[in-house]
Amino acid sequence: MPELPEVETFVRSLKYGGMTGNSIINRQIASADLFWNRTLAGSDAAEGFLEWFPGKTVRDVARRGKFILISVPPKTLLIHLRMSGDLKVTEASDAEIGKHDRFRLTFTDGDRLVFSDPRKFGRIWLTASPEAVLGSLGIEPLDDGFTPEWLYDKLHASNRIIKSVLLDQRVIAGLGNIYSDEALFSAGIHPARAARSLSTEEVARLVQAIQTVLRDGIQYNGASIDWVYRGGSFQHHFKIYGRTGEPCLICGTKIEKTTISQRDTHFCPCCQPRMEKN
DNA sequence: CCTGAAACCTGTCTGC
DNA sequence: TGCAGACAGGTTTCAG
C-alpha cells in the first residue's frame, strides 16, 4: 500500500490520534512481541531485541520517505510497510493476536501498537543511529529543496528513463508506482522518455505535478485499494493509475498500460507523447 | 552505470 | 464449486 501519502497518514494518526486509534506519544512500553522473525531487519540486532523495550517511552513519530520513525529514546524504531504492512493501535480489550500480526508493542495501559503484514515483506529496525538505515534516501519531495533546478540537474546526469528515476528512492524518497504514474500524466510526460531529454519547462511541470499529487493524496488520507490499506479515499481521484482501456479524462483517448522497471505503467498516448513535441 | 529477472510472501480475483 | 494462474501500492540482489 504505502507510498508517501499513505505513510504520512499513518504517522499523523500515530502522532495525533486518528483512524488507527489514539496517539502513542508519551506512552510507556510494558512489553514487545515478535511473531515472524524475518520482520526484524539486521539479524545481529535480534539478540536482546524484545527485552530492550520494557520501561521505555515513545516520544515522537515522524516520516522519512516511506519509513516510519518511532522515537523511543535512546533508540529509534524504524518501520517500512513495503507492500502489505499495516499499523494500528488496539484497545486493551482487544487481546486477540491477528493471523497476520508480525510485531507489537504493549503499553502499560494495555493498549497496543500492532504491525500486521500478510505478505511478510515489511521490515522493522531498532537502532541508535537511524542514518545507517536512512542514509541513502534521496530528497523529500515536499521539502523546499525539491526545486526544478535541483531535479533538472539530477535528470540530466542520468542515463535512465524518467519513471525509473522517479521510483528510485535514492533520488526522491517516497514516490511509488501510483503517484509516479499520476505525476507523469499530470505533467504530460511519457514514462519511457529519457530522463535527460526533459526540457526545463517539462521538469518544472513535473516538480509541480509531483508535489500536487502527493499533497492531494495526503489530503484524502492516501489511497485504499483492494483488501490492503483502509481509510484513504484518494483511489477515487486517480486520473491514470488502474484506468487501462478507459478514456483519458483530458482527451478521451484510451489509456494504455506497459511495463517499466517491472511495474505496471499507465499513460495516455495522446497527452503523454513518446517524443518531445516541437 | 543501467536494465531485467528473480526472490521474498500471501490473499484475492479471473477464467475455465 | 474447484483450481490454476495472474496479479498486487516495494526493495534487494544478482546476472549480463
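Since every read-out is calculated from the coordinates, none of them should be taken as a lab result. Because the structure is a prediction, the values reported are computed rather than measured. Glycine gets a Cβ as well: all are built from the backbone with ideal geometry, and neighbour counts include every protein chain shown.
Give, rounded to the nearest 20 debye, the magnitude of the charge dipole that the range A:111-217 has about its Cα centre when Lys and Arg contribute +1 at Cβ and Asp and Glu contribute -1 at Cβ.
Details: 12 positive and 14 negative charges, 105 e Å.
Computed about the Cα centre, the dipole is about 500 debye.
As a test of the formula, what do you get for chain A when each DSSP H run with n ≥ 4 contributes -39,500 (n - 2.57) and the sum is divided by the residue count, at 222 nm and rounded to the nearest 500 deg cm²/dmol? Don't skip to the end; give the middle numbers.
Working: 7 runs with 67 residues, N = 278.
Helix-only estimate at 222 nm: -7000 deg cm²/dmol.
Under the rule that an exposed site lies in a DSSP loop and has at most 14 other Cβ atoms within 10 Å, name the longest stretch of chain A with no GluC sites (Glu not before Pro) of that kind, not counting the sites themselves. Before the final figure, lay out the partial values.
Working: sites that count: A:GLU47, A:GLU91, A:GLU96, A:GLU276.
The longest such stretch corresponds to A:97-275.
Mind listing P(r) for chain A? All alpha-carbon pairs, 10 Å bins, whole percents.
7, 28, 31, 20, 11, 3, 0
Which pairs in the list A:LYS75/A:LYS120; A:LYS66/A:LYS99; A:LYS15/A:LYS163; A:LYS66/A:LYS163; A:LYS56/A:LYS120; A:LYS120/A:LYS239 are over 21 Å apart, alpha-carbon to alpha-carbon?
Numbers: A:LYS75/A:LYS120 24 Å; A:LYS66/A:LYS99 24 Å; A:LYS15/A:LYS163 32 Å; A:LYS66/A:LYS163 18 Å; A:LYS56/A:LYS120 26 Å; A:LYS120/A:LYS239 30 Å.
Distance filter (> 21 Å) returns A:LYS75/A:LYS120; A:LYS66/A:LYS99; A:LYS15/A:LYS163; A:LYS56/A:LYS120; A:LYS120/A:LYS239.
Considering only chain A, what is the antiparallel percent among its DSSP beta bridges, to the nearest 5? Could the numbers behind the result be given before it?
On the way: 40 of 42 bridges.
About 95 percent, rounded to the nearest 5.
Restricting to DSSP loop positions (anything but H, G, I, E, B) with no more than 13 other Cβ atoms inside 10 Å of their own Cβ, which trypsin sites (Lys or Arg not before Pro) remain in the range A:138-216? Before the final figure, lay out the partial values.
Details: sites: A:LYS154, A:ARG160, A:LYS163, A:ARG170, A:ARG193, A:ARG196, A:ARG205, A:ARG215; in loops: A:ARG160, A:ARG170, A:ARG193.
Listed in order of number, the matching sites are A:ARG170.
Have a look at A:ARG63, A:ARG119, A:ARG12 and tell me which one the Gaussian network model of chain A (Cα, springs below 10 Å) gives the largest fluctuation.
For chain A, modelled as a Gaussian network with Cα springs under 10 Å, the answer is A:ARG119.
Can you give me the angle between helix A:177-187 and the longest principal axis of chain A, using Cα atoms only, in degrees from 0 to 90, rounded to the nearest 10?
For helix A:177-187, the angle is close to 30 degrees.
So which chymotrypsin sites (Phe, Trp or Tyr not before Pro) in the range A:197-262 end up in coil per DSSP with only 12 or fewer other C-beta atoms within 10 Å? Please list the in-between numbers first.
Working: sites: A:TYR220, A:TRP227, A:TYR229, A:PHE234, A:PHE238, A:TYR241; in loops: A:TYR220, A:TRP227, A:TYR229, A:PHE238, A:TYR241.
The qualifying sites are A:TRP227.
I need the shape label for the range A:1-115. Rule: rounded when a/c is under 1.5, else prolate if a/b > b/c, else oblate, with a, b, c from the alpha carbon gyration tensor.
Working: a/c = 1.23, a/b = 1.08, b/c = 1.14.
The shape class here is rounded.
Running a GNM on chain A with Cα contacts under 10 Å, which residue among A:PHE67, A:PHE267, A:PHE121 ends up with the highest mean-square fluctuation?
A:PHE121
As an exercise, use a Förster radius of 25 Å and the Cβ-Cβ distance of A:THR258 and A:ARG38 to find the FRET efficiency, rounded to the nearest 0.05.
On the way: r = 33 Å, r/R0 = 1.32.
With R0 = 25 Å, the Cβ-Cβ based efficiency is 0.15.
If neighbour count is taken as other Cβ atoms inside 10 Å, put A:ILE172, A:ILE240, A:ILE218 in order from fewest to most. Don't jump to the answer; show the numbers that get you there.
Details: A:ILE172 22, A:ILE240 27, A:ILE218 19.
Ascending number of Cβ neighbours within 10 Å: A:ILE218, A:ILE172, A:ILE240.
Given +1 on the Cβ of Lys and Arg, -1 on the Cβ of Asp and Glu, and no further charges, what dipole in debye does chain A carry about its Cα centre, rounded to the nearest 20? Display every interim value, and only then the final one.
Details: 35 positive and 33 negative charges, 102 e Å.
For chain A, the charge dipole is close to 480 debye.
For a test of the definition: using alpha carbon positions, the gyration tensor, and the 1.5 limit on a/c, classify the range A:182-227 as rounded, prolate or oblate. Walk me through the intermediate numbers first.
Values: a/c = 4.11, a/b = 1.92, b/c = 2.14.
Taking the square roots of the gyration eigenvalues as a ≥ b ≥ c, the range A:182-227 is oblate.
Compute the Cα gyration tensor for the range A:95-161, then decide on rounded, prolate or oblate, letting a ≥ b ≥ c be the square roots of its eigenvalues: rounded whenever a/c is under 1.5, prolate when a/b is larger than b/c in the other cases, and oblate in all that remain. Don't skip to the answer; put the middle values down first.
Values: a/c = 3.16, a/b = 2.47, b/c = 1.28.
Prolate, because a/c is 1.5 or more and a/b exceeds b/c.
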